[in-house]
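What follows is a short report on a single structure.
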Amino acid sequence: MNTTVAEITGLVGGTLLQGSEAAVLTNFASLDQADRGSVSFYGNEKYREQLRATQAGLVLLSKSDVAAPDHCALVAVENPVVAFDLIVKRFGQSLIPLTPGISPHAFVGEGAALNETTVEISPNATVCAGAQIGRGSRIGPGAVIGQDVRVGEDCEIGPNVTIREGCLIGNRVILHAGVVIGADGFGFEFVDGRHRKIDQLGIVRIEDDVEVGASTTIDRARFGETVIGEGTKIDNQVQIGHNCRIGKHCIIVAQTGIAGSARIGNYVTIAAQCGIAGHIEIADRVTLAARSGVVSSIAEPGGTYFGYPAKPIKEVLRDNMRIKQIGALQKRVKELERELKAGRE
């Protein structure tokens, strides 16, 4: 990277508020790790002190009423996070390009449908009989594409991913390392003193533009489909149970668990370590704060919920305030009791 403040300002469509257009920039970094050649960004109020002390040569921001060192060029943009990402994509290390072909150390089963001039099958990958791999897709090292699986176009299937038999993967889907799609749902019935396994005969269907983080597991349906809606982004180490239906453009953050047959609406945000009970529904555009436990359906669209059991966050904050007041209330009751006792005497 070797550019100037003027070039960066033009690239992001920003407005230079402070600094020299001719200043040279050679890298990008966070506010606290930047040097005079760094491009950085300020997108969160809690980093205001880091902005005051930064050594960055240029900072992207959306507000002009903040203090920054005199040496630092300030460029106003609508969204600093998005603008910074544009710079990283322009000057950072690009993704390894697709190298079409089938590694001699890969296994491709009889009847698998793929064009070795338009897909990449990496060493130790397995593509089972009847599977279909779309144009422009890459199957990473050690990945297993099960029998009759369909993978769409321009997909990135990471190292050691397993997609079990019959599952359907849309276009431009990214599955990071260690993801398991279509393992059996956790279904058992207690019969005659034993846990009897219930067959899981359905599939998982992942729609277009979904991204699934490392070591996440999405179970196949008992019958029918477990569905992940278009554009949904799932973080690392998330568990999604059988027959769940996740809507479009949802965000599901790390270590969340969603039990079987739950229904999640569109544009829902689920923060880290949430637990969602089975057979419930969550309406569109609901936000669940971190570590929330949802044990009953949320029917009202929108709103933020928190706690266990999850309730509207305003209610939780009000209840917490009341709990904090209990100590003072107890003290006041004791004082009144002493006054009453003294009055009787």
Problem - Helix-only CD estimate at 222 nm, as mean residue ellipticity for the chain, using -39500 (n - 2.57) per DSSP H run (n ≥ 4) - result: -5500 deg cm²/dmol
Exercise for the section: Jot down the per residue volume, in cubic angstrom and as a whole number, of the convex hull over the alpha-carbon atoms of the range 3-91. Expected result: 76
Problem - Amide H contacts of residue 108 (H built 1.01 Å from N, under 5 Å, at least 5 apart or other chain) - result: 127
Handout entry: Dmax and Rg, reported as Rg then Dmax, of the range 114-253 (C-alpha, Å)
Key = 14.9, 56
Problem - the range 1-99: GluC sites (Glu not before Pro) in DSSP coil with no more than 13 other Cβ atoms inside 10 Å - result: 21, 78
Handout entry: Phi to ³J(HN,Hα) by Karplus 6.51 cos²θ - 1.76 cosθ + 1.60 over the range 263-268, Hz, x for Gly, Pro
Key = 10, 10, x, 7, 6, 8
Exercise for the section: Among 74, 91, 50, pick out the residue whose Cα is farthest towards the positive end of the charge dipole of the range 30-105, where Lys and Arg carry +1 and Asp and Glu carry -1 on C-beta, about the Cα centre. Expected result: 91
Problem - Reachable lysines from residue 46, criterion Cα separation under 27 angstrom, eight or more residues apart if same chain - result: 63, 89, 233, 311, 314, 324
Handout entry: Rounded D (µm²/s) - the chain, Kirkwood Rh over Cα pairs, Stokes-Einstein at 37 °C, 0.692 mPa s
Key = 138
Completion exercise
The long-range amide H neighbours of residue 185, using H built 1.01 Å from N in the peptide plane and a cut-off of under 5 Å, are 220
Fill in the blank from the handout: Any residue on another chain or 5+ positions along whose placed amide H is under 5 Å from the amide H of residue 174 is listed here as 156, 210, 211, 212
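A short reminder: the numbers here are calculations on the coordinates, not readings from a lab. Computed from a prediction, not measured in an experiment: that's the story for all the values here. Glycine also receives a Cβ, built like all others from the backbone with ideal geometry; neighbour counts cover every protein chain displayed.
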